[in-house]
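A short worksheet on the structure shown next.
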Amino acid sequence: MLSDIALYGAFETGLIYGLVAFGIYISFRVLDFPDLTVDGSFPLGAAVAAVLIIDGVNPWLATGAAVLAGMAAGSVTALLNVKLKILNLLASILTMIALYSVNLRIMGRPNVALLTEQTVLTPWYDLGLAYHQVPVVLFVIVIAVSLILLWRFMKSETGLAMRATGANARMARAQGIATGGMIVLGVALSNGLVGLAGALFAQSQGAADVTMGVGVIVIGLASLIGGEAVITPSSVLRALIACVVGAIIYRLAIAFALNADVLGLQAQDLNLITAVLVTLAIVLPGVRNSVVSKFTRKA
Amino acid sequence: MAKRTLRTLFGATLLAMATLVQAQEPRVVAITQIVEHPALDAVYQGVKDELAERGYKEGENLTVMHESAQGNAAIASQIARKFIGEQPDVIVAIATPSAQTVAAAARNIPVVFSAVTDPVGAKLVQSLEAPGANITGVSDMLPIDKHLDMLLRVMPDAKRIGTVYNPGEANAVSLINLLEERLKARGLTLEKAAATKTSEVLGAARSLVGKADAIYLTTDNTVISAAEAVIAVGERADIPVFAADTATVERGAVAALGFDYYDHGRQTGAMVAKVLEGKKPGEMPVETMEKLDLFVNPAAAERMGITLSDELVSEAEQVIDSAK
């Protein structure tokens, strides 16, 4: 069975990936913009935060800078699409590839260690909680604040305009909405959240590494789709809650898979399990949304 | 009669107690590895084989847990949490990212890392001599001192050592700095020639002619990709070229002391065994590779104007016979 520490570990990682799922919800669901930039903006957030922390910047400021860096990356993708008319998927792949070099430049080496540095987590260790509980407590607060802010934003006039842009761009333009601007804002916001996730991940893991973005998009999508299978996203609030729940379920599934020696599963089967999980989530009945339609053949 | 029964019973109890003592709980070693990769898999195998040789047999008195993160940082983190939750006797972390995630979360469990080049830079240990905390391991940093010993054994009169390096490669730069420091300690000088891409390596090597008595190449990716250019200059100008990796000897360098990752794993396994026997990781200095394989290329040496002693050639693990 799962130990306490493995369980808290699953929640810790799940909460961080909940932020990624928020970002993917904005790009894929709200804007209908398949954005793969996240594989680059996740390590970008980690790199920016890590380098600033090493330079002695306050960890929260460093984390804020990571959010801005993520937003800048997202803006590049969106501008490539909106201004240069490059297909959205391709635009995001271009940015993602470019970010690999950018991240190496920012860090100056492939791995920046934070193990002995002051991070956003450091002050929380003095609260008397068990060592493995601290990140979970902090990340619950971060994700709750993000969720509330996002929810309120989506109900604001700008948020409604963004949702209209994704639902029906032509109609939105007819209503006087600057759809190009909405796409830039939305994709920037999405990648800002992913940059935040990267910054927090680096701080809880003790290092930023150029390779840490591998598979972020797949895991984020799996979380999003899995969450929607459990909680029907009939409103923005439910959709956001589904993101968090899905991300945690995904991490719990991985934790169980790591413990599933009984089933004869081994370490090298993890990627297969992930693929099966995503496939199951996609074909689960009742999940019919724009994300799914992108990944299944039109009848 | 009753007395005999009693004695038998007593003996049986003693015997049972002795077996109980022997059949202790198996020791648990948890091995986390960032990705499946021939070198890292060899480390894993080496750790297991060394433990077996030292009497820790898997399935008998040893349980080995092994997980690979398949290159995924989030999974590496969950593997670390899983291992820590199960409280093994030792966690072995293969490669820097896996070691860092374990170090970030492990509090009271001994950790032995392996295949980490710069444990101080990765903030795993405070210093190589006294790691502190609950962590130590084996670094795969080039044993530059041993390389220099070998070079000076072949060329005792060498005073100026030349090298070609790429200033844009972080690992290469740190190696060059280390090399310069070690040479200075021996009263020798380093002649550096920079090449930022493979096409510049030939020119950089030529600039060393007349300035260097011997050339030593580190594991700089840019330079090793174009090692033939350096070797060609060495042959024309009679400057013997030494390498840090054995593959370059096959391409025409004079000699190199390399290591293989299976032996790296064996050395790690030996440290793990010491921890299982009760040594504290924080008090065990970080080790670098001890078992090195000497590769020599006598024909290449002749072309660069020196002759390798028979003694050295007989010591070599492998003698490359490149007629070219």
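Grab every C-alpha pair in the range B:160-267, bin the distances at 10 angstrom width from 0 up to the longest one, and report whole percents.
Per 10 Å bin, starting at zero, the Cα-Cα P(r) for the range B:160-267 comes out as 16, 48, 30, 6, 0 percent.
Name the residue from A:A6, A:A78, A:G64 whose Cα lies farthest towards the positive end of the charge dipole of the range A:4-211, charges +1 on Cβ of Lys and Arg and -1 on Cβ of Asp and Glu.
Going by the Cα projections, it comes out as A:A78.
Answer rounded, prolate or oblate for the protein assembly as shown, using the Cα gyration tensor with square roots of eigenvalues a ≥ b ≥ c: rounded when a/c is under 1.5, else prolate when a/b is larger than b/c, else oblate.
oblate
With an 8 Å cut-off on Cα pairs and a minimum separation of 6 or more residues, tell me the relative contact order of chain B in percent.
Relative CO of chain B lands at 19 percent.
Please give, to one decimal in nm, the separation of the simple spin-label points placed at B:K211 and B:R153, each 7 Å out from Cα toward the Cβ.
Label at B:K211, label at B:R153, 3.0 nm between them.
Of A:I219, A:I26, how do they rank once you tally other Cβ atoms within 10 Å and put the fewest first?
Listing A:I219, A:I26 from fewest to most nearby Cβ atoms yields A:I219, A:I26.
Taking 28 Å as the cut-off for C-alpha to C-alpha distance, list the pairs among B:K57/B:K291; B:K123/B:K291; B:K184/B:K211; B:K184/B:K291; B:K57/B:K123; B:K184/B:K279 that go past it.
B:K57/B:K123; B:K184/B:K279
If contacts are Cα pairs under 8 angstrom and at least 6 residues apart, what is the relative contact order of the range A:4-211 in percent?
Result for the range A:4-211 is 44 percent.
Jot down the per residue volume, in cubic angstrom and as a whole number, of the convex hull over the alpha-carbon atoms of chain A.
In chain A, the Cα convex hull volume per residue is 139 Å³.
What residues from the range B:45-75 fall in the zone where the backbone N is under 18 Å from a label point 7 Å along the Cα-to-C-beta line of B:D293?
B:45-47, B:49-50
What is the projected area of the convex hull of the Cα atoms of the range A:26-131, averaged over all directions, in nm²?
Projected area, direction-averaged: 8.2 nm².
Work out which helices of chain B, taken as complete DSSP H runs, extend at least 24 Å along their axis over the Cα atoms and score a mean Kyte-Doolittle of 0.0 or more, then list them.
Sorted by number, the helices that extend far enough and score high enough are B:2-22.
Divide by every residue of chain A the summed helix terms, -39500 (n - 2.57) for each DSSP H run of at least 4, and state the resulting mean residue ellipticity at 222 nm, rounded to the nearest 500 deg cm²/dmol.
Value at 222 nm, helices only: -23500 deg cm²/dmol.
Which residue, A:S156, A:S27, A:S223, tops the fluctuation ranking in a GNM of chain A built on C-alpha contacts under 10 Å?
Of A:S156, A:S27, A:S223, the most mobile in the Gaussian network model is A:S156.
Let's test the formula: R0 of 35 Å, r as the Cβ-Cβ distance of B:E58 and B:Q318. What FRET efficiency results, to the nearest 0.05?
The value I calculate is 0.65.
Any idea what the dipole of the range A:4-211 comes to, in debye rounded to 20, about its Cα centre with Lys/Arg Cβ at +1 and Asp/Glu Cβ at -1?
I would put it at about 920 debye.
Just A:L160, A:L129, A:L52 to compare: in a GNM of chain A, with alpha carbon springs under 10 Å, which one fluctuates most?
Of the options given, A:L129 has the highest mean-square fluctuation.
Assuming 0.36 nm per residue, please report the length gained on full extension of the stretch B:D238 to B:Q126 beyond their Cα-Cα distance.
Separation in residues times 0.36 nm, less the Cα-Cα distance, equals 36.0 nm.
Looking only at B:G187, B:G162, B:G234, which one moves most when chain B is put into a Gaussian network model with springs between Cα atoms under 10 Å?
Fluctuation is largest for B:G187.
What is the Rg over Rh value, at two decimals, for chain B, using alpha-carbon atoms and the Kirkwood definition of Rh?
Over the Cα atoms of chain B, Rg/Rh equals 1.13.
Could you size up the charge dipole of the protein assembly as shown around its Cα centre, putting +1 on the beta carbon of Lys and Arg and -1 on that of Asp and Glu, and report it in debye to the nearest 20?
For this selection, approximately 2540 debye.
Within 10 Å of each residue's Cβ, count the other Cβ atoms and sort A:D269, B:D118 from fewest upward.
So the residues, fewest neighbours to most, are A:D269, B:D118.
Based only on other Cβ atoms within 10 Å, what is the fewest-to-most ordering of B:R182, A:R251, A:R163?
Ranked by crowding around the Cβ, least crowded first: B:R182, A:R163, A:R251.
Restricting to DSSP loop positions (anything but H, G, I, E, B) with no more than 12 other Cβ atoms inside 10 Å of their own Cβ, which trypsin sites (Lys or Arg not before Pro) remain in the range A:1-108?
A:K83, A:K85
Values in this text are rule-based calculations from the coordinates and carry no lab data. Values in this document were obtained by computation on a predicted structure and should not be read as measured data. Counting neighbours? That spans all protein chains shown, and the Cβs are built from the backbone with ideal geometry, glycine included.
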